[in-house]
Each structure stands twice: as C-alpha cells, then as structure tokens.
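Presented below is the structure to which this report refers.
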Amino acid sequence: MIYFENVSKTFGKNVKAVRNLSLHIERGEFVFVMGDSGSGKSTLIRLLLKEIEPTEGRIIVDGEELTGMKRRRVPYYRRKLGVVFQDFKLLKDRNVYENVAFAQRVVVTPSRQIQKDVPRILTRVGLSAKYKAFPGELSGGEQQRVAIARALVNQPDILLCDEPTGNLDANNAWEVMQLLEEINAGGTTVVVVTHSREIVERMGKRVIVMNRGDMVDDRQINGSEE
Ligand code: ADP
Ligand code: MG
C-alpha cells in the first residue's frame, strides 16, 4: 500500500530530516511512528501528503508513484488520504456538523449524500448528539473525534495522524486510540505519529522508531490492552 524506497529529505543544505528510508506498510495495517522531536516523523506525513517532495528516492502509494505525479492528479490522490493533527484544525465559527460537511463540500459532494454521510460518521465517532455544538463547547477529546470524522467522511483508504493525542489527557487520548483501532478494524490503513511510549506499549502494534532522520527500529509490540 505505502512504499518508501531509499527516501531522503534534506532541508536547505544540511538538515537531513529523513535519511535513506525504505519501508513498506501493507493495506489494512496499523502502524505507529515514534521518535523524539525533530526526528523526521512529520516529514514522513508531509511526504505522503505530497506537501513536500523527497530529495532522493521514491514513494509509491496504492500503486501510484508520487514523484512526477501530474499536478491535476494531486487533489484526486489526496482523496485517498485522511489527515488528523495534534491541534484539531477545526473551523471555530462552524458547528460539528458543518465542520464535517465542509470536507465534502470542498470535493463537491451532492447535498443529499452529505446529509446521509455526516450523521453516519458522527455516530461512528460517538458524537451524533453534539452535531450542533461549536468546537469551543467541546472537550479536547471530542474536538479530536470531530477532526477524525472530518478526515473519514470521504472514505479515505489511509488515515494519517500526526500526534493526534498530543493535546489530550490520558483518558481522552486512550479513547481516541480506541477509535483509531476501530477504524483500522473496518479496513482503513492507519499511520499514527506519537510521542507516547505508554500508548504504543498498551496498543500492541507495529512501531517504527525514528532518530534524527534514521529509522532505527521497526518491530511488532505485544500489547497489554485489556
Ligand atoms: P518531528 O515531527 O519528528 O518532530 P520533523 O519531521 O518536523 O520532526 O522535522 C525533522 C527535522 O527537519 C527537524 O530538524 C526540523 O527542524 C527540520 N525541518 C522540518 N521541516 C522543515 C522545513 N520546512 N524547513 C527546514 N527544516 C525543516
Ligand atoms: Mg512533528
């Protein structure tokens, strides 16, 4: 599903954010990416989003090579991806329903479809009762679930999460992780960047460890999830 082949990303002359990375993530996998601040985790996400280009190497997603992709193809490619960030990035002046619907309006979804999809996805993230609430009226965990609903409403194949629990307390973080696990069980490939060793150990998934641009570990953890 996702292949990195000898990928390097250098910023300026000598900031090697990612160094000669080769990696394969299969369809349907759940993968954590761990590492200290500045180790290259967000760079991996941005490379997948095609926000930035590799300095060397190739990235192939769902059979499509990202380098050299035609410009007009990029927005269609991006529809295969859902993205969730640490700071939620919700529209503060729109309610929950509109925040999720927004992701469909930008890709010109018929309103009948929006009226069907938004309630369905809000139910899936456990927020159907709060569809009229504004982001400022929600807890951090609820806001992140809105962001996850928005990322999923167009049914992406891959969900990319960059420190999705970085602003959440332990309970909310754990709930968000369980939701991501459910989403993965539904067939979506999930990649989660996190700082939290505790979460990674509890969840028991594959973990890729980055250190100063190098992948220094790639292994399966035995979880302690009860
Ligand atoms: P992480 O997400 O693991 O904290 P990043 O991938 O954001 O790390 O950054 C990896 C390295 O690349 C850091 O040294 C960072 O300062 C550098 N970097 C990231 N983005 C840029 C950029 N746009 N311009 C210059 N340097 C950058
Ligand atoms: Mg980062």
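The values are calculated or read from the model by the stated rules, or taken from the named source; none is laboratory data. These numbers come from a predicted model, not from an experiment. Cβ: placed from backbone, ideal geometry, glycine included. Neighbour counts: every protein chain shown.
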Could you say which residue among Asn14, Asn20 is under 17 Å from Asp218 (Cα atoms) and either in the same structural domain as Gly186 (by TED's automatic domain parsing) or within 9 Å of ligand 1 (Cβ to nearest atom) (or both)? Asn20
One residue from Glu65, Glu26, Glu51 being in the same structural domain as Gly204 (by TED's automatic domain parsing), within 25 Å of Arg219 (Cβ to Cβ) and among the acidic types (Asp, Glu): Glu26
List the pairs whose first member sits in segment 200-222 and is touching a residue at least 12 places away in the same chain (Cβ under 8 Å) and part of a strand (DSSP E or B), whose second member is among the small types (Gly, Ala, Ser) and surrounded by 16 or more Cβ atoms within 10 Å (Cβ to Cβ), and whose Cβ atoms are under 6 Å apart, counting only residues at least 6 apart or on separate chains? Val209/Gly35; Met210/Gly35; Met210/Ser39; Met210/Gly40; Asn211/Gly35; Asn211/Ser39
Taking the conditions exactly as written (outside the structural domain of Arg219 (by TED's automatic domain parsing) and modelled with pLDDT of 95 or more), does Phe102 satisfy them or not? yes
Any hit, segment 197-207, residues being closer than 23 Å to Gly63 by Cα and surrounded by 19 or more Cβ atoms within 10 Å (Cβ to Cβ): no
Can you go through Glu142, Glu163 and tell me which one is at positive phi and crowded, with 19+ Cβ neighbours inside 10 Å? Glu163
List pairs: first residue in segment 177-193 and closer than 11 Å to Phe30 by Cβ, second residue of a type in the set (Val, Ile, Thr) anywhere in the structure, Cβ distance under 6 angstrom, at least six positions apart or on different chains. Met177/Ile199; Leu180/Val190; Asn184/Val190; Thr189/Ile158; Val191/Val31
Search segment 165-176 for residues that are assigned to a loop (DSSP other than H, G, I, E, B) and pair each with any residue that is of a type in the set (A, V, I, L, M) when their beta-carbon atoms are under 6 Å apart and the residues are at least 6 apart or on different chains. Thr165/Ala173; Thr165/Val176
Among the candidates Lys92, Lys80, Lys70, which residue alone is of a type in the set (D, E, K, R) and touching a helix residue (DSSP H, G or I) at 6+ places or on another chain (Cβ under 6 Å)? Lys92
Candidates Glu29, Glu5, Glu98, filtered to the one that is free of Cβ contacts under 8 Å to residues at least 12 places away in the same chain and more than 16 Å from ligand 1 (Cβ to nearest atom): Glu98
Tally time: how many residues in segment 38-66 are within 16 Å of ligand 2 (Cβ to nearest atom) and either farther than 20 Å from Arg206 by Cα or of a type in the set (Lys, Arg) (or both)? 7
Members of segment 33-47 found to be farther than 11 Å from Asn211 by Cβ, assigned to a helix (DSSP H, G or I) and touching a strand residue (DSSP E or B) at 6+ places or on another chain (Cβ under 7 Å), listed by number: Ser42, Thr43, Leu44, Ile45, Leu47
